[in-house]
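Rule-based calculations on the coordinates, nothing more; no lab input. As the structure is a computational prediction, the values presented were derived from the model and not from experiment. Heads up, the Cβs are rebuilt from the backbone with ideal geometry, glycines too, and the neighbour counts pull from every protein chain shown.
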Amino acid sequence: MSYDKDLDIIDKVLSGDVDHFSAIIEKYRNMVFRYAFSRVGHYEEALDITQDIFLMTFEALNSFRRESKFSTWLYSIMVNYCINYKKRRDRYSFISLNRENGDNEFELQLRDEKYNLEEEVVNSDSLRIIMDELYELPDDYKDILILRDVEGLSYNEIADILKINLSNVKVRIHRGRSLLKKRIFERGLL
């Protein structure tokens, strides 16, 4: 689905044909879920957040001014929602039932569906350790590495989404990658 196709779908939804919004969900759901999961580290919670983000996007669709690509606008909603969600969650003292004291490993629960290579990768030990280390990075580095290295956004798109200048994006990516590499090295993967 191209940029113009996104705009066509948005126009149809805004004209009252809300069923077309499912095409937007289909196109962007994996990206939103991956980002949400990287922020919270729990499968079911990430599913709930993904649903909330799409609901919020649908409700705010008439405020999309087309000054940037739809995907950039959606990324902004997603990043802001997750930042606010984490702030709300951190106000309370929650202990994840899936985390173990000591080695900081967690059990990932996945839906029982048809074979999916992505689920197999998520379950691998190496990726679990890398995701755990990514999850433990400070938010500034975690957000920017997810947007760049997981989602493949350009530096300019990241600057627009996070509302920071381009040189700041480059510095954070460099520092975040260095910190993540150091942590992965300490865990014996490099």
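Observations
- Rg over Rh, two decimals, the range 20-88 (C-alpha only, Kirkwood Rh): 0.95
- Cα-projected label distance for Asp4 with Ile164, points at 7 Å along beta-carbon direction, nm: 3.6 nm
- Multiplying the residue separation of Arg175 and Ser68 by 0.36 nm and removing their Cα-Cα distance gives an extension gain of 35.8 nm.
- For the listed residue pairs Lys87/Lys170; Lys69/Lys181; Lys12/Lys170; Lys12/Lys86; Lys86/Lys182, the alpha carbons are over 28 angstrom apart in Lys69/Lys181; Lys12/Lys170; Lys12/Lys86.
- Relative contact order computed over the range 1-60 (Cα-Cα under 8 Å; 6+ residues apart), in percent: 23 percent
- Simple label model, 7 Å out from Cα along Cβ direction - Asn30 to Glu136, nm: 2.9 nm
- Take the Cβ atoms of Ser154 and Asp11, set R0 to 22 Å, and the FRET efficiency comes out at 0.30.
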